[in-house]
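The values are calculated or read from the model by the stated rules, or taken from the named source; none is laboratory data. What you see is a predicted model, and the numbers here were worked out from it, not measured in a lab. In this analysis, Cβ positions are derived from the backbone assuming ideal geometry, glycine residues included, and neighbour counts consider all displayed protein chains. Areas reflect the complete protein model, heavy atoms only, side chains present, ligands, DNA and RNA absent. Shrake-Rupley method; radii C 1.70, N 1.55, O 1.52, S 1.80 Å.
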Amino acid sequence: MPEANNKRVAKNTLFLYFRMILIMLVSLYTSRVVLAQLGISDFGIYNVTAGVVTMLSFLNSCMASSTQRYMTFELGRGDMQRLKDVFAASLNIHAAMALVIVVLAETLGLWIVNHQLVIPPDRMLAAHWVYQFAILTFCINIIQVPYNAVLIAHERMNVYAYFSIVEVCLKLGIVYLLVVCPIDKLIAYGVLLFSVQLIVRCMYQLYCHKHYEESRFRWFWDKALYRQMTGFAGWNLFGSIAWLLRDQGVNIILNLFFGPVINAARGVALQVSNAVMGFIANFQVALNPQITKNYAQGHIAEMEKLAYLGTFS
């Protein structure tokens, strides 16, 4: 059994690396073309306005790790009813979180865009369109988290690779449409990115509904379970806030002092940085489900072995 699990981890790692390489290559190519089509100023405007929404993502990243942990744990225990309850609870939590983020984005976030960011007056309308579609895109990504957690818990990393092929093809399509698009390219870019995320989200949801019976929406209330999941997420809050201040906080400060041109430069640099950091994270993503399942089944020695392997790899 340990040998089979190690083979599964190695196989899943290869799938994740294939996915990462594919995304990295397309991201590097599309960044150059999008920058050329939007222009330096508009590209910077997109990065800083969408970044205002991303500032609120620390709540989502905290719950994502909690959802993955609890779903993998219950799958390792083999308790299907409890697994269904965890999925229902996580989906309800993420739906509520999306609603909270919409309220914050349309109040505090909109105030930042209107009164704090340095945006040329003639591009303010386009920035507002981009901002609204960035909110919608972010909400879609929030609702998708429980479905991603199902795939990770079942260790179906090959599905990520297959869906990533579709996603990168759609993003390449965005590049072509921007070239021939007759309307404002900045607005069109925001609409097209939203459309891609909506399509990908539907693909994940349909796949999970077809293959995993626990991935069904239902109203569910268990105070103890909700408290456990949100309490686990709380431990990740500090790291998420630090990430927020490092990335998006710096982005806004650069905009306030230097304008959208510097945001454009930093936007390209961050895409390269994120691609490189993805290589580091992929192995741990493949390893985490096995660590949690071994703990749930009481195989402490094997769990510790995998944890050490992840530490020194």
Notebook entry, point to check: Around LEU22, with a cut-off of 15 angstrom between Cβ atoms, what is the net charge of the other residues, counting Lys and Arg +1 and Asp and Glu -1?
Noted result: +1
Note to self: Quick check: with the 1.4 Å probe, what order do GLU302, GLU214 take by accessible area, largest first?
What the structure shows: GLU302, GLU214
Checklist line | Part-to-part distance (alpha-carbon centres) for the stretch 19-33 and the stretch 93-164, which is given in Å | finding: 21
Notebook entry, point to check: How many Å² of accessible area per residue for the stretch 67-151, probe 1.4 Å?
Noted result: 39
Check: With every protein chain left in place, what is the accessible area of ARG156 in Å² (1.4 Å probe, nearest 10)?
Finding: 80
Notebook entry, point to check: Of all accessible surface on the stretch 31-180 at a 1.4 Å probe, what whole percent is carbon and sulfur?
Noted result: 67
Next item on the list: For the stretch 68-195, state what percent of all Cα-Cα pairs lands in each successive 10 Å bin, counting from 0 Å until the bin that includes the largest distance.
Entry: 11, 28, 29, 21, 9, 1
Check: Straight-line reach from LYS11: which lysines have a Cα under 28 Å away, not including same-chain ones fewer than 8 places off?
Finding: LYS84, LYS171, LYS210, LYS293, LYS305
Next item on the list: Could you give the spread of the C-alpha atoms of the stretch 144-189 along their three principal axes, from largest to smallest, in whole angstroms?
Entry: 44, 18, 8
